[in-house]
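This report concerns only the one structure given below.
FYI, it's all coordinate maths here, none of it is from the lab. Quick caveat: nothing in here was measured; it's all calculated off a predicted structure. For neighbour counting, all protein chains shown are included, and Cβ atoms are generated from backbone atoms with ideal geometry for every residue, glycine included.
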Amino acid sequence: MKTNQLTILSIVFMLCSNIFSQEKENLSSLFIPKKLKENANAIIRLNKTVINIEAVDRLVIEQQRIVTVFNKLGKKHINAYKHYNKDTKITKLSATIYDALGNKIKKYSKSDFQDVSAIDGGTLYSDSRVKFLEHTPTSYPYTVLFESEYKNSSTGFIPKWFPIENYNLAIEKSVYVINNPQNIPFRKRNKNFVNFPIKNSSSNNNINYTLTNQPAIRPEYYTLNFEELVPNMSVSLDSFSLKGIKGNAKNWEEFGKWMYSNLISGKNQLPPSTISKVKQLVKDTNNPIEKAKIIYDYMQNKTRYISVQVDIGGWEPIAAYKVDEVSYGDCKGLTNYTKALLDVVGIKSYHALVYAGNKKNIDSSFTSIQGNHMILNIPNDGKDIWVECTSQTMPFGFLGDFTDDRDVLVITPEGGVIKRTPAYINKDNLQLTKADVKLLPNGNISAHFERKSYGTQYYDKYSIKEFTKKELNKYYKSTVWDYNNNLEVDNIKLSNNKEQIEFTENLDIKIEKFATVRDSSYLFKLNIFNRITGVPKKYRNRQQPIEVERGFTDKDEFTFTLPQGYKYTSLPEKRNITNKFGTYNIRFEKIDDTTFKYKREFSLLKGIYPKEDYKAYRKFRKTVVKYDNLRIELIKQ
């Protein structure tokens with residue numbers, strides 16, 4: 001009997017030792033395939049997300065995430081944090097750190113995680129908080145095992161599957177599981193699955209996808225947004241709950257009706273004094289667009305942007321009368337307030353959900369709660385006007401690159417409608433520069449400079465009108481003309497024409513030792529004020545397509561007055577390059593023996609091009625840099 005017990009104990013011990021050995025081996029960085037280490041700052045050994053849909057208003061999400069970090073750049077991929085709020089409760093949270101050999105170094109429990117408010121600088125108050133792990137490694141590589149579980153009563157946001165999360169991050173295994181025991185109808189949308197090692201083991205009303213052994217993707221400049229390059233999957237329930245408000249939506253029309261009825265309707269009431277005031281403001285015009293401009297200007301001068309996101313506040317606008325009372329609101333509150341003011345003067349307008357920032361569309365083919373920002377849509381006989389309500393300085397009807405050229409969801413009482421915001425492309429994004437340049441005998445120059453900007457070039461500059469003199473000096477010396485040493489600016493005059501959406505800069509400029517002066521020669525660069533200095537990176541084996549997101553056109557005209565005692569023997573030949581990426585040309589015009597003009601135009605065209613075109617694209621940009629550095633030599637008379 002004792003012998004049998006000893007034998008059993010020995011077997012159990014061997015099994016436990018074997019299991020422990022396997023676990024240790026799995027967490028050791030020594031066993032990671034060489035191919036997965038290439039170009040990787042970290043590797044996800046396992047990222048398993050299990051979503052249990054227990055009811056229309058109850059989710060339980062479990063995650064096990066194991067990340068091996070190879071260097072300090074890989075730390076950002078650990079992602080050992082969890083957000084929570086009133087309807088999101090963290091039930092389990094832990095992390096374990098292992099060294100390169102898979103030996104346990106330290107264990108963190110839920111109470112060891114730091115707990116802070118998840119409020120950004122523009123948020124007045126929010127009930128969102130985050131627990132996160134702060135671990136300082138003593139050596140590399142190391143591995144973090146992060147495990148969590150949380151419950152959520154809002155089912156409007158089913159966590160998305162995004163297995164390849166970033167550049168320079170390899171994936172050993174990513175698993176995405178949705179258990180749906182109540183058989184609640186849902187829809188899913190797969191994107192960019194082709195050519196990736198993804199296995200689908202889904203059945204009936206359950207989802208099960210796995211991606212394995214995906215090498216790290218190297219970042220490449222001038223390409224599509226990362227989300228357009230890698231696989232991702234969205235899931236949405238036909239019946240859902242958002243902060244306690246239940247809804248049903250199989251299409252955008254149904255979703256729009258739900259949002260209008262539950263989150264927007266009835267929030268446009270204003271006090272009588274404000275109604276009287278805005279009617280008085282527009283009494284002298286019957287033009288609806290002029291009325292809208294007057295109302296927009298009134299809103300901008302009265303309010304400021306501050307985010308307030310408590311409970312449903314992340315999606316439901318603050319009532320118009322409240323914004324009128326406190327004179328602030330978030331994008332939803334200010335959009336709703338502007339709409340309420342327009343309602344008073346008989347101008348029809350609608351709330352519109354949009355992805356702001358990096359250009360991204362509301363997915364017109366997949367109905368779900370989408371967007372991160374709200375703007376206002378004013379129908380105008382087929383030429384819709386779009387209004388950004390969070391800015392106190394933005395011109396009426398102008399969006400800039402924050403929300404331009406993308407599909408948005410317009411919320412009407414009849415339902416949701418997909419529309420597209422206007423695009424600022426190519427010649428819309430125009431910059432016109434003129435300068436009168438005096439070349440001085442000692443190599444210094446003095447110049448009067450004027451620049452007019454339109455489209456997204458306007459959007460990039462108009463806010464500098466609010467800069468202090470010190471900030472403007474730094475802006476011109478360190479940002480605009482950082483390639484010009486010894487530069488000083490003076491007499492800065494800035495004009496923001498909101499009607500024409502035109503920003504004008506006038507200033508006087510001095511640059512010491514700009515030209516190289518020798519015994520009998522005077523050598524200087526012609527493109528003083530709009531020089532392209534950067535050449536796109538060279539790739540031995542380009543992997544991704546090329547994207548020029550918007551395009552632009554720059555036109556420059558510099559008039560040079562020669563220094564006393566010098567002349568030019570001849571002007572350089574004109575250059576003209578035209579291809580599918582754009583155009584570049586420079587030419588010269590002799591005015592008299594002491595004055596000539598340098599004219600330059602550079603246009604880059606919006607487009608998506610195959611990766612095979614990158615060499616030609618880079619050559620074009622390299623040629624621009626070459627001719628932007630063109631010099632001319634003057635000789636003594």
Would you kindly compute the Cα radius of gyration of the chain and its largest Cα-Cα separation (Dmax), both in Å? 30.6, 117
Cα-based reach from LYS469 at 13 Å (exclusive), listing aspartates and glutamates while leaving out same-chain residues under 8 positions away: GLU488, ASP490
Just report the Cα centroid separation between the range 201-260 and the range 575-609, whole Å. 46 Å
Aspartates and glutamates near LYS538 by alpha-carbon distance under 15 Å, same-chain residues fewer than 8 away left out - which ones? GLU220, GLU612, ASP613
Reachable lysines from LYS92, Cα under 21 Å, same-chain residues fewer than 8 places away excluded? LYS48, LYS82, LYS104, LYS106, LYS107, LYS110, LYS131, LYS151, LYS160
Summing -39500 (n - 2.57) over the DSSP H runs of n ≥ 4 in the chain and dividing by its residue number, what mean residue ellipticity at 222 nm do you reach, to the nearest 500 deg cm²/dmol? -5500 deg cm²/dmol
Given axes a ≥ b ≥ c from the Cα gyration tensor, I'd like to know whether the range 32-242 is rounded (a/c under 1.5), prolate (a/b larger than b/c) or oblate. oblate
Chymotrypsin sites (Phe, Trp or Tyr not before Pro) within the range 160-228: which are DSSP loop residues with at most 15 other Cβ atoms inside 10 Å? PHE193, TYR221
Once the Cα atoms of helix 614-628 and of the chain are each reduced to a long axis, what angle between those two axes, in degrees from 0 to 90 to the nearest 10, is obtained? 30 degrees
So, relative contact order of the chain in percent, Cα under 8 Å, 6 or more apart, is 10 percent
Sequence order, the range 249-261: Karplus ³J(HN,Hα) from phi using 6.51 cos²θ - 1.76 cosθ + 1.60, θ = phi - 60°, Hz rounded, Gly and Pro as x, gives 7, 9, 8, 5, 4, 5, 4, x, 4, 4, 5, 4, 5
Most to least packed among 43-54, 615-626 [average Cβ atoms within 10 Å]: 43-54, 615-626
Helix 272-281 vs. the chain, principal-axis angle (Cα, 0 to 90°, nearest 10): 30 degrees
With a Förster radius of 25 Å, plug the Cβ-Cβ distance of GLN182 and GLU414 into 1/(1 + (r/R0)^6) and report the FRET value to the nearest 0.05. 0.20
Could you tell me whether the range 249-420 comes out rounded, prolate or oblate from its Cα gyration tensor? Rule is a ≥ b ≥ c as square roots of the eigenvalues, rounded for a/c under 1.5, then prolate if a/b exceeds b/c, otherwise oblate. prolate
Rounding to the nearest 10 and keeping the result within 0 to 90°, find how far the Cα-based axis of helix 2-27 lies from the longest principal axis of the chain. 10 degrees
Going by average Cβ neighbours within 10 Å, how do the peptides 324-334, 444-454 rank, with the highest at the top? 324-334, 444-454
The range 32-242: relative contact order from alpha carbon pairs under 8 Å, six or more residues apart, as a whole percent, is 28 percent
Gyration tensor verdict on the range 526-606 (Cα atoms; rounded if a/c is under 1.5, prolate if a/b is larger than b/c, oblate otherwise): prolate
Amide H to amide H under 5 Å from LEU630: which residues, 5+ apart in sequence or cross-chain, H placed 1.01 Å off N in plane? LEU526, ASN527
Viscosity 0.890 mPa s, temperature 25 °C: give me the Stokes-Einstein translational D for the range 195-277 in µm²/s, with Rh taken as the Kirkwood radius over C-alpha pairs. 136 µm²/s
